[in-house]
1. log₁₀ I(q)/I(0) of the chain at q = 0.14, 0.18 Å⁻¹, via Debye over equal Cα point scatterers, no solvent, to two decimals?
2. Find the relative contact order for the chain and round it to a whole percent, using C-alpha pairs within less than 8 Å whose residues are 6+ positions apart.
3. Which one, Ile170, Ile121, Ile147, has the greatest fluctuation when you compute a Gaussian network model over the chain with C-alpha springs under 10 angstrom?
4. Just how much of His108 is accessible, in Å², when a 1.4 Å probe is used and the result is rounded to the nearest 10?
5. What ³J(HN,Hα) values, in whole Hz, does the Karplus curve 6.51 cos²θ - 1.76 cosθ + 1.60 give for region 41-56 when θ = phi - 60°, with x put for Gly and Pro?
6. Dipole magnitude of the chain about its Cα centre, charges +1 at Lys/Arg Cβ and -1 at Asp/Glu Cβ only, in debye to the nearest 20?
7. Calculate, in whole percent, how much of the Cα-Cα pair population of region 110-232 lies beyond 17 Å.
8. Quick one: accessible area per residue over the chain, 1.4 Å probe, rounded to a whole number of Å²?
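The values are calculated or read from the model by the stated rules, or taken from the named source; none is laboratory data. For clarity, every value in this text was computed on a predicted model and none was experimentally measured. Reconstructed Cβ throughout: ideal geometry from the backbone, glycine too, with neighbour counts over all protein chains shown. For accessibility, only protein heavy atoms count, side chains too; no ligands or nucleic acids. Shrake-Rupley method; radii C 1.70, N 1.55, O 1.52, S 1.80 Å.
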Amino acid sequence: MRRIFLVVLLLGAVGAALMAFVAPAPGPLRNGPAAAVDHTAYDRLLKKYVNEQGLVNYQAWKADQQELNQYLDKLSKNPPAASWSKPEQMAYWINAYNAYTIRLILNHYPVKSIKDIGSKIKIPFVTTPWAAEFFTIGGQKMSLDEIEHGTLRKKYDDPRIHFALVCAAISCPRLRNEAYTADKLDRQLDEQGRDFLRNPAKNKVGPASAQLSKYFDWYKGDWNKNGQSVAKWVNRYATTKMNADAKVSYLDYNWNLNQQ
C-alpha cells in the first residue's frame, strides 16, 4: 500500500511540474483601450489665466507653472490611440497646440511677439518658432508646425481648426478660456468661427467687399475644399453676408503678444 501511495504522489508531482512548464507565466493584467486624456487641469488653468477676450496673463502664469508642466507631461506620455474617437483626437491635438504655444511663450517671457523667438532670419518650416522641435509626444520630438500641418490639417480635414489654434498673437482667433473636449468640440469650433468672423478687428464683412483675416489667404486651399469657398465659410458665421463676387482684401496681421 505504501508503495502505491508513493507512486501516486510521484506521478502527481511530475504532472504539476509539467503543467507549470507548459502554462504561461502570469503577466500583468491586460487593460482595455487607452483612455482619452482628461483636459480638466488645463481647463482650470485657462479659466485662471485667460480672460473673456482671450488675453493671457503670462506674467502671473510664469510664476505658477507646475500644473501646466504636469498637464504637458500627461500629453507627452499619452498620444492619441487609434481607439480614440475623432473628436477625442482632435480635441487632444488642438489643446496640445495651444498649451505648447503657451509653454513656448513662458519659456521666453517677457517677449513682445512670438516672432521674436528663435532665429532672426525666419525661413518657413525651418527656422520659425513653429518649426522648433521643443517638446516630445509619444517619444517623438515635435513642433507646432507638425501638430498643425502634419496632423490636424492632414488627417482630419476640418478647416474650423483655424478658428481654434492660437499662435499667441493679437490677430489670432480668441484663445478660449476653456479646454476643447470631445463632447463639446463641434459646438466649440462653431462658436470660435462666429467669434472670429464677427470681430471687426479681425474681419470686416460687407455684401460688396470684405476685409478678411490673412487666415483666409494663407489657408485658401483648405477653405475651398469639398465644394466650399472662402465666401461660403465666411457667410456661415458672419452676421453680414458677402456676395460670391465680393471684392476681397486682407487685413494686416498684428503679431503683438495676446497678453493682458
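1. -1.00, -1.53
2. Numbers: 337 pairs, mean separation 53.9, N = 260.
With pairs under 8 Å counted, the relative contact order is 21 percent.
3. Highest fluctuation among the options: Ile121.
4. Counting only protein heavy atoms, the figure is 90 Å².
5. 4, 5, 4, 5, 5, 5, 5, 7, 10, 10, 8, 5, 8, x, 8, 10
6. Details: 35 positive and 24 negative charges, 36 e Å.
My answer is approximately 180 debye.
7. Values: 4895 of 7503 pairs.
Cα-Cα pairs of region 110-232 separated by over 17 Å account for 65 percent.
8. On the way: 14340 Å² over 260 residues.
On a per-residue basis, the chain sits at 55 Å².
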